[in-house]
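Data first, discussion second: the structure below is written as structure tokens.
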Amino acid sequence: MSGQIEKVEVLVCSPGRNYVSVKITSSDGVVGWGDATLNGRELAVAAYIRDHLASTLIGRPADRIEDTWQYLYRGAYWRRGPVTMTAIGAIDIALWDLNAKALGVPVHRLLGGATRNRILAYTHATGWDLPALIDSVDATREAGYRAIRAQFGVPGLETVYGVSQSAAYEPAGRGARPAEELWDTHAYLRHAPKVLSALREHVGPDLHLLHDAHHRLDPTQAARLARSLEEVDLFWLEDLIPAENQELLRSVRAATVTPLAIGEVFTSIWDCRILLAERLIDFIRMAVSHGGGISHLRTVLNYAAVHQVKAGPHGPSDISPIAMAASLHLGLASPNVAIQEYMGHPAETAEVFSPGYTFTDGYLHPGDAPGLGVEVDETAAARFEYEGAYLPTARTLDGGVTDW
Ligand code: EZ4
Ligand code: CO
């Protein structure tokens with residue numbers, strides 16, 4: 001018994017970047033935390049939970065996690081979409097945390113237990129030119145990583161997705177409106193194969209290399225790039241095209257044997273059902289927070305497993321330590337989670353969130369503390385006030401809006 005849901009609170013804070021967290025307290029005094037962070041749209045999710053979900057949850061049995069998910073998803077009539085699914089996801093994650101704490105077990109035990117000892121991690125390396133990229137990859141390898149995502153500058157472009165001008169890469173920029181970036185797909189396509197081939201030559205055959213095209217190509221360009229990179233032997237090539245139209249992946253898939261990953265912007269099984277059923281991708285990238293929580297992502301993972309699709313969940317800085325922990329507990333309990341993105345967080349984030357997960361030797365483990373194993377310091381959080389921040393908007397050289 002975990003009692004009833006007594007309180008649902010929303011915590012918005014900005015230790016180094018913005019996070020929205022949900023705190024659920026049961027009548028037994030047990031607390032569970034969920035992550036409701038949606039990059040650049042944080043306050044919409046905070047209001048959705050505070051103004052529309054909180055009152056409907058009070059008094060419900062805290063141990064009915066799946067029923068609560070059904071109640072919020074089907075009961076609202078309006079379905080899907082990132083704001084709704086992130087809000088539902090945060091409640092779901094908080095209830096898994098709360099119930100596991102009430103029982104005194106880690107969340108992965110409630111999910112059926114560990115299916116392996118640890119989860120392969122990958123992180124980001126970036127450099128404007130090849131020497132800088134090689135330095136970044138070497139340093140990342142030195143830090144223990146066995147899988148590295150490589151992003152690089154493109155001659156003629158001043159800003160490029162995934163490449164920082166100065167310190168650590170953070171896609172969201174503070175301010176009242178998004179920064180505008182210029183993008184030229186042709187320049188990228190001329191440059192990318194050369195850089196990635198030279199990088200493979202430098203690192204040798206063992207290191208797993210990944211690359212993210214961030215939804216910027218059309219299916220023909222995507223097929224050409226993926227085919228030209230086959231010799232580079234990428235672990236995956238990510239987000240080649242925007243995937244609202246899932247059927248468009250068929251032609252890309254038929255053209256190449258480079259492994260394809262997609263799905264960080266997906267929020268439900270309905271965004272990837274065809275991709276999975278036809279095995280048009282090798283890895284599904286949905287995040288536990290944006291994808292309706294542990295309960296729904298588990299459905300997606302199981303459906304993926306039926307079609308021999310693996311998973312590599314999204315793990316940028318906008319996935320707070322709470323959702324990162326949730327992803328690792330679910331990942332440890334799910335046989336087809338092959339790899340976890342692990343970008344890390346700004347230093348100040350550790351003043352508010354103390355996660356129990358560990359990184360050793362290129363692998364992650366969620367820890368065995370009860371629940372998700374993340375402590376949240378609300379007093380510290382009060383020191384870091386929310387500040388508007390947006391993901392950039394991209395334009396082509398003629399000034400038209402293009403996919404960022
Ligand atoms: O652009 O998290 O693979 N990771 C990514 C990320 C996303 C941001 C969006 O908020 O593509 O950098
Ligand atoms: Co990505």
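Here is a yes/no grid of residues against (1) within 14 Å of ligand 1 (Cβ to nearest atom); (2) touching a helix residue (DSSP H, G or I) at 6+ places or on another chain (Cβ under 8 Å):
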site	(1), (2)
Ala198	no, yes
His211	yes, yes
His214	yes, no
Pro219	no, yes
Val232	no, yes
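Restricting the search to the range 273-322, which residues are under 23 Å from Phe235 (Cα atoms), within 16 Å of ligand 1 (Cβ to nearest atom) and hydrophobic (A, V, I, L, M, F, W, C)?
Matches in the range 273-322: Ile281, Phe283, Ile284, Met286, Ala287, Val288, Ala311, Ile319.
Name the strands (runs of 3 or more DSSP E) wholly inside the range 348-399 in which the number of residues that are acidic (Asp, Glu) is 1 or more. Spell out how you get there, then give the answer.
On the way: elements: 353-355, 358-360, 363-365, 374-376, 393-396.
Counting at least 1 such residues, we get 374-376.
Within the range 72-79, does at least one residue satisfy the condition of being in a helix (DSSP H, G or I), touching a Pro at 6+ places or on another chain (Cβ under 9 Å) and of a type outside the set (Gly, Ala, Ser)?
Narrowing the range 72-79 to residues in a helix (DSSP H, G or I): 72-73.
The next check asks that each one be touching a Pro at 6+ places or on another chain (Cβ under 9 Å); those that pass are none.
No, there is no match, as no residue in the range 72-79 is in a helix (DSSP H, G or I), touching a Pro at 6+ places or on another chain (Cβ under 9 Å) and of a type outside the set (Gly, Ala, Ser).
Report yes if some residue within the range 33-45 is over 22 Å from the mean Cα position of the chain (by Cα), in a loop (DSSP other than H, G, I, E, B), at pLDDT 95 or above and among the hydrophobic types (A, V, I, L, M, F, W, C); otherwise report no.
In the first step, residues of the range 33-45 are kept if they are over 22 Å from the mean Cα position of the chain (by Cα); the result is none.
No: zero hits.
Can you say whether Glu158 is out of contact with any Ser or Thr (no Cβ under 9 Å at 6 or more places or on another chain) and either at pLDDT below 95 or in the same structural domain as Glu42 (by TED's automatic domain parsing) (or both), as far as the supplied structure shows?
Working: out of contact with any Ser or Thr (no Cβ under 9 Å at 6 or more places or on another chain): yes; either at pLDDT below 95 or in the same structural domain as Glu42 (by TED's automatic domain parsing) (or both): yes.
Taking the combined requirement at face value, the residue satisfies it.
I'd like to know if the range 123-130 contains one or more residues that are in contact (Cβ under 8 Å) with a residue 40 or more places away in the chain and either more than 30 Å from His191 (Cβ to Cβ) or in contact with a Cys (Cβ under 7 Å, 6 or more places away or on another chain) (or both).
Restricting attention to the range 123-130, the residues satisfying the condition of being in contact (Cβ under 8 Å) with a residue 40 or more places away in the chain are 123-124, 126, 130.
Still in the list and also either more than 30 Å from His191 (Cβ to Cβ) or in contact with a Cys (Cβ under 7 Å, 6 or more places away or on another chain) (or both): none.
So far as the range 123-130 goes, no, none of its residues is in contact (Cβ under 8 Å) with a residue 40 or more places away in the chain and either more than 30 Å from His191 (Cβ to Cβ) or in contact with a Cys (Cβ under 7 Å, 6 or more places away or on another chain) (or both).
Every residue, every condition in (1) assigned by TED's automatic domain parsing to the domain that holds Trp33; (2) at pLDDT 95 or above; (3) within 22 Å of Gly40 (Cα to Cα); (4) buried (at least 23 other Cβ atoms within 10 Å of the Cβ), yes or no:
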| site | (1), (2), (3), (4) |
| --- | --- |
| Asp282 | no, yes, no, no |
| Arg285 | no, yes, yes, yes |
| Thr299 | no, yes, no, no |
| Leu328 | no, yes, no, yes |
| Pro335 | no, yes, no, no |
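Give the residue, chosen from Leu57, Leu11, Leu72, that is touching a residue at least 40 places away in the same chain (Cβ under 8 Å) and more than 30 Å from Pro171 (Cα to Cα). Before the answer, list the steps.
Working: Leu11 fails: more than 30 Å from Pro171 (Cα to Cα); Leu72 fails: touching a residue at least 40 places away in the same chain (Cβ under 8 Å).
Exactly one of Leu57, Leu11, Leu72 is touching a residue at least 40 places away in the same chain (Cβ under 8 Å) and more than 30 Å from Pro171 (Cα to Cα), namely Leu57.
Consider Ser21 against the criteria (1) surrounded by fewer than 18 Cβ atoms within 10 Å (Cβ to Cβ); (2) of a type in the set (S, T, N, Q); (3) outside any helix (DSSP H, G or I): it satisfies all of them except one. Which criterion is unmet?
Here Ser21 meets the rest and fails (1).
Hey, among Gly34, Gly29, which residue is out of contact with any Leu (no Cβ under 7 Å at 6 or more places or on another chain), at positive phi and outside the structural domain of Val288 (by TED's automatic domain parsing)? Full working, then the answer.
Details: Gly34 fails: at positive phi.
None of the other options fit; the residue is Gly29.
For the range 80-124, which positions are aromatic (Phe, Trp, Tyr) and within 17 Å of the chain's Cα centre (by Cα)?
Taking the range 80-124 as the starting set, the residues that turn out to be aromatic (Phe, Trp, Tyr) are 96, 122.
Correct list: Tyr122 only.
Out of Gly315, Gly362, Gly344, Gly367, which single residue is buried (at least 24 other Cβ atoms within 10 Å of the Cβ) and not aliphatic (A, V, I, L, M)?
Values: Gly362 fails: buried (at least 24 other Cβ atoms within 10 Å of the Cβ); Gly344 fails: buried (at least 24 other Cβ atoms within 10 Å of the Cβ); Gly367 fails: buried (at least 24 other Cβ atoms within 10 Å of the Cβ).
So the residue among Gly315, Gly362, Gly344, Gly367 that is buried (at least 24 other Cβ atoms within 10 Å of the Cβ) and not aliphatic (A, V, I, L, M) is Gly315.
So which of Arg149, Arg216 is within 22 Å of the chain's Cα centre (by Cα), farther than 21 Å from Gly40 by Cβ, within 16 Å of ligand 2 (Cβ to nearest atom) and at pLDDT 95 or above? Walk me through how you get there before you give the answer.
Values: Arg216 fails: farther than 21 Å from Gly40 by Cβ.
Among Arg149, Arg216, only Arg149 is within 22 Å of the chain's Cα centre (by Cα), farther than 21 Å from Gly40 by Cβ, within 16 Å of ligand 2 (Cβ to nearest atom) and at pLDDT 95 or above.
Name the residue, out of Ala255, Ala226, Ala261, Ala243, that is within 16 Å of ligand 2 (Cβ to nearest atom), surrounded by 15 or more Cβ atoms within 10 Å (Cβ to Cβ) and more than 21 Å from the chain's Cα centre (by Cα).
Numbers: Ala255 fails: within 16 Å of ligand 2 (Cβ to nearest atom); Ala261 fails: more than 21 Å from the chain's Cα centre (by Cα); Ala243 fails: more than 21 Å from the chain's Cα centre (by Cα).
Sole residue among the options that is within 16 Å of ligand 2 (Cβ to nearest atom), surrounded by 15 or more Cβ atoms within 10 Å (Cβ to Cβ) and more than 21 Å from the chain's Cα centre (by Cα): Ala226.
Being surrounded by fewer than 16 Cβ atoms within 10 Å (Cβ to Cβ) and either in a helix (DSSP H, G or I) or at pLDDT below 95 (or both) is the filter here, so list the residues in the range 199-213 that pass it.
As a first pass, look at the range 199-213 and keep what is surrounded by fewer than 16 Cβ atoms within 10 Å (Cβ to Cβ): 201-202, 204-206.
Once the filter is applied, which keeps residues that are surrounded by fewer than 16 Cβ atoms within 10 Å (Cβ to Cβ) and either in a helix (DSSP H, G or I) or at pLDDT below 95 (or both), the range 199-213 yields Glu201, His202.
Name, by its number, the condition in (1) modelled with pLDDT under 95; (2) within 16 Å of ligand 1 (Cβ to nearest atom) that does not hold for Glu238.
Going through (1) modelled with pLDDT under 95; (2) within 16 Å of ligand 1 (Cβ to nearest atom) one by one, Glu238 breaks only (1).
Condition first: surrounded by 16 or more Cβ atoms within 10 Å (Cβ to Cβ) and not in a loop (DSSP other than H, G, I, E, B). Now tell me which residues in the range 157-181 satisfy that.
Hit for the range 157-181 is Glu181, nothing else.
Looking at (1) in the same structural domain as Arg146 (by TED's automatic domain parsing); (2) under 18 Å from the mean Cα position of the chain (by Cα), which is the only condition Val374 fails?
Of the numbered conditions (1) in the same structural domain as Arg146 (by TED's automatic domain parsing); (2) under 18 Å from the mean Cα position of the chain (by Cα), the odd one out for Val374 is (1).
Can you pull out every residue in the range 167-185 that is farther than 16 Å from Gly16 by Cα and of a type outside the set (Asp, Glu)?
Filtering the range 167-185 for residues farther than 16 Å from Gly16 by Cα gives 176-185.
Of everything in the range 167-185, those that are farther than 16 Å from Gly16 by Cα and of a type outside the set (Asp, Glu) turn out to be Ala176, Arg177, Pro178, Ala179, Leu182, Trp183, Thr185.
The values are calculated or read from the model by the stated rules, or taken from the named source; none is laboratory data. For clarity, every value in this text was computed on a predicted model and none was experimentally measured. Heads up, the Cβs are rebuilt from the backbone with ideal geometry, glycines too, and the neighbour counts pull from every protein chain shown.
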